Every structure is written in structure tokens, then in C-alpha cells.
Amino acid sequence: MKREPLRESLINLILPLTLILGLVALLSLNTEQVAGEPQVISPLEEWLRVIVGYLAAGAEIAAAIVIGGAVVRGITLYLRLFFARSSLHFDSTEGIRLQLGRVLALGLEFTVASDILRTAVAPSRQDILSLGEIVLLRTLLNYFLEREIQQGEQRRIPQQQSDRSEMNRRIG
């Protein structure tokens, strides 16, 4: 039983540290483009770049819509809560914050998909390194966001149980 928390705490320490070190390593690489012969681009490759560009733009628009909708929804819920002057103000704002965090994680996934699409057609070394940097950074952000969401949900569970027992005591 003791090994699971120890193992989990080591993973929670090693994973972000590895991601941060990987990001620093990628940023420190010499990514200067080597001057050489100009690349020959076939007509098919040009069409693929156009199509993939539209798909990537669609993924970015989807991320903006998802995140923007969640922000508007969160503000609306918060204003309703604020003017209702509920006794469960903290628990409700925590719920709004957790919902927004989940949607931000989804939005990050859309932006990562967009970046992957943009480098899908004949990427150069520079494109691949840039993609690695962006994906590592967004993965790191997503990791800490997911961790914060889990901790927030774990804090809410005892609060919800005590609220239920208080309601049952009042009713019973």
C-alpha cells in the first residue's frame, strides 16, 4: 500500500521534470537552416499544403470556439451565482473553475492537432524542432492543468459529502 503513493509521487515529480528538460534541450539545439540548393516542390505537395493549411485553420477555429464558449458560459454562471448570493459560493466557483479547466485542456488538444497538421507535409528539420518545442510546452501546460483539475475534484468530494450529510440532518 505504501509503494503506490511513493511510485505516484515519483512519477508526478519525474514526468514534469523530464518534459521541462526536453523543452530546454530542444530550445538549445542549433536550429539554423543550412543554406543549400532550393527545394523543389511538386504540384501535389503544394495542393497538400493548401488542404492541410485549411484543416489546421479549422482546428484552430475549433479551439477558439470551444474556449470562447466556455469562457462565456463560465462568466454567465459566475454572474448568476454572484447575484444569487448563495451560501455555496466557494463550492460553485470551484466547480466553474474546474469546468473551465477541462475545456482549456480540450482547447490545448485542438491547438496541438493544428500544429501537427501544419508540419505534416514535407517538414524540414526546423519545422520538426519547432513542433517538438510547441508540443512539449503545450503538453506541459496540459499536464499541470489536468493535475490541478484532479486536485480540485478531490477537494470537492469531501465538501459535497459534508453538504449532503448536512442536508440529510436538516431533513431527517
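No lab work stands behind these numbers, since they all come straight from the coordinates. Just so we're clear, the structure is a prediction, and the values are computed from it rather than from any experiment. Using ideal geometry, Cβ is built from the backbone for each residue, glycine included, and neighbour counts are taken over all protein chains shown.
Between rounded, prolate and oblate, where does the stretch 45-157 land on the alpha carbon gyration tensor, with a ≥ b ≥ c its root eigenvalues, rounded for a/c under 1.5, else prolate if a/b exceeds b/c?
oblate
Please state the relative contact order of the stretch 96-157 as a whole percent: Cα pairs under 8 Å, 6+ residues apart?
52
What distance in nm separates the two pseudo spin-label positions at residue 18 and residue 81, each 7 Å out from Cα along the beta-carbon direction?
Roughly 3.6 nm, to one decimal.
Assuming R0 = 25 Å, can you tell me the calculated FRET efficiency for the pair residue 57 and residue 102, based on Cβ-Cβ distance, to the nearest 0.05?
0.55
Subtracting the Cα-Cα distance from 0.36 nm times the residue separation, let me have the gained length for residue 11 to residue 71 in nm, one decimal.
So the extension gain works out to 18.4 nm.
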